[in-house]
Amino acid sequence: MTATACGLDEITPTASVVTVGNFDGVHRGHQTLLRRAVDAAEARGVRSAAVTFEPHPAAVLRPGSEPRRLQPLEARIDALAARGVDLVAVLPFTEEVAGWSPERFVDEVLVQRLAAVHVVVGTNFRYGHRAAGDVVTLSARGEEEGFTVEAVTLLDVDGDPISSTALRHRIGAGDVQWAARALGREFSLTAPVVSGEGRGRSIGVPTANLAVDDGLVTPGHGVYACWAEVAGERYAAVTNVGVRPTFDGQDVTVEAHLLDASPQLYGAEVTLRFVERLRGERRFDGPEELVAQIHHDIEEARRVLSHRAR
């Protein structure tokens with residue numbers, strides 16, 4: 001079934017099992033909530049719905065402090081829909097919404113708009129002004145309004161709880177392997193290819209320069225083995241994320257060299273799936289030393305990706 005995505009004011013009140021969250025990244029913890037909500041809705045013969053927020057609440061509560069996102073809104077909606085929910089509801093997070101009491105949030109969203117009969121949230125769920133509401137207050141309100149509440153324990157990887165915050169930290173540190181285990185898939189970036197300075201081509205290693213949205217998380221500076229997806233085709237790639245210190249660069253770039261392939265990339269949209277960090281970024285004494293290292297990186301990427309072929 002294809003989910004319907006809409007704003008909260010477009011929803012026709014219909015009996016629903018609801019799960020609520022930012023859902024940035026739609027990681028394995030989120031996937032557990034969504035699966036519980038879909039299963040509970042099917043068991044009850046009602047609609048399943050996921051409520052998410054845009055922008056991130058921190059952008060309203062503490063402007064300038066909002067975290068970079070793991071994925072843009074469109075990708076988040078697609079990822080939520082892919083988990084089988086019937087409805088993805090996007091609640092614009094405004095100053096007015098930020099000021100809603102826990103009681104008003106329940107009334108406006110869960111009762112009036114979604115006619116909730118069951119609500120699935122994480123054990124750490126907080127809602128309402130100053131995050132005054134929690135699972136206990138939600139359950140108490142549910143008894144009054146006629147819906148039940150299911151609180152799901154957080155998942156972990158190697159003892160570290162899975163969360164969007166943890167994923168941002170791990171990816172920012174270059175630990176894309178932990179991120180893949182937490183997401184249930186490789187961390188990815190999708191962006192159009194734009195003209196760069198042409199240095200890669202000048203040293204015999206042409207690269208695709210991706211214009212990544214500044215609001216998205218990028219892996220820590222370094223070199224990565226990746227899969228590159230272009231127009232439905234997949235290629236092995238080695239990707240550099242950083243400022244290119246050998247050439248005294250200042251701006252962070254994401255540049256991918258496709259192995260054994262040279263499709264037309266300028267203007268194309270490319271998705272990079274980060275498999276493993278090969279090394280950190282460092283300055284070389286000159287182009288010759290850099291080229292030698294790049295060829296070593298290419299062979300290492302081949303080795304890594306040969307064990308990840310699908």
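The values are calculated or read from the model by the stated rules, or taken from the named source; none is laboratory data. Quick caveat: nothing in here was measured; it's all calculated off a predicted structure. In this analysis, Cβ positions are derived from the backbone assuming ideal geometry, glycine residues included, and neighbour counts consider all displayed protein chains.
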Task: Among (1) closer than 25 Å to ASP156 by Cβ; (2) at pLDDT 95 or above - the single one ALA58 does not satisfy - done: (2)
Open item on the list: Among the residues that make up the stretch 157-172, is at least one of them among the hydrophobic types (A, V, I, L, M, F, W, C), out of contact with any Phe, Trp or Tyr (no Cβ under 6 Å at 6 or more places or on another chain) and loosely packed, with under 15 Cβ neighbours inside 10 Å?
Closed with: no
Task: Among the candidates GLY99, GLY128, residue that is small (Gly, Ala, Ser), in contact with a helix residue (DSSP H, G or I) (Cβ under 8 Å, 6 or more places away or on another chain), buried (at least 19 other Cβ atoms within 10 Å of the Cβ) and modelled with pLDDT of 95 or more - done: GLY128
Open item on the list: Condition check: without any contact (Cβ under 8 Å) to a residue 40 or more places away in the chain, basic (Lys, Arg) and more than 25 Å from HIS27 (Cα to Cα). Does ARG126 satisfy that?
Closed with: no
- [ ] Kindly state which strands (runs of 3 or more DSSP E) lie completely within the stretch 177-255 and contain at least 1 residues that are of a type in the set (Asp, Glu) and modelled with pLDDT of 95 or more.
- [x] 222-230
- [ ] Just name the residue that is farthest from the chain's Cα centre (by Cα) out of those in the stretch 24-49 that are outside any helix (DSSP H, G or I) and touching a residue at least 40 places away in the same chain (Cβ under 8 Å).
- [x] VAL46
TODO: Kindly indicate whether VAL252 is touching a residue at least 24 places away in the same chain (Cβ under 8 Å), out of contact with any Ser or Thr (no Cβ under 8 Å at 6 or more places or on another chain), surrounded by fewer than 20 Cβ atoms within 10 Å (Cβ to Cβ) and more than 24 Å from ARG181 (Cα to Cα).
DONE: no
Task: Hits in the stretch 101-150 - residues which are part of a helix (DSSP H, G or I) and of a type in the set (A, V, I, L, M) - done: VAL106, VAL109, LEU110, VAL111, ALA131, VAL135, VAL136, LEU138, ALA140
Open item on the list: Looking at ASP24, ASP78, can you tell me which residue is within 27 Å of GLY174 (Cβ to Cβ), touching a strand residue (DSSP E or B) at 6+ places or on another chain (Cβ under 9 Å) and surrounded by fewer than 16 Cβ atoms within 10 Å (Cβ to Cβ)?
Closed with: ASP78
- [ ] Select from the stretch 62-85 the residues that are in a loop (DSSP other than H, G, I, E, B) and either closer than 17 Å to THR271 by Cβ or touching a helix residue (DSSP H, G or I) at 6+ places or on another chain (Cβ under 7 Å) (or both) and list them in ascending order.
- [x] SER65, GLU66, PRO67, ARG68, LEU70, GLN71, PRO72, ARG83, GLY84, VAL85
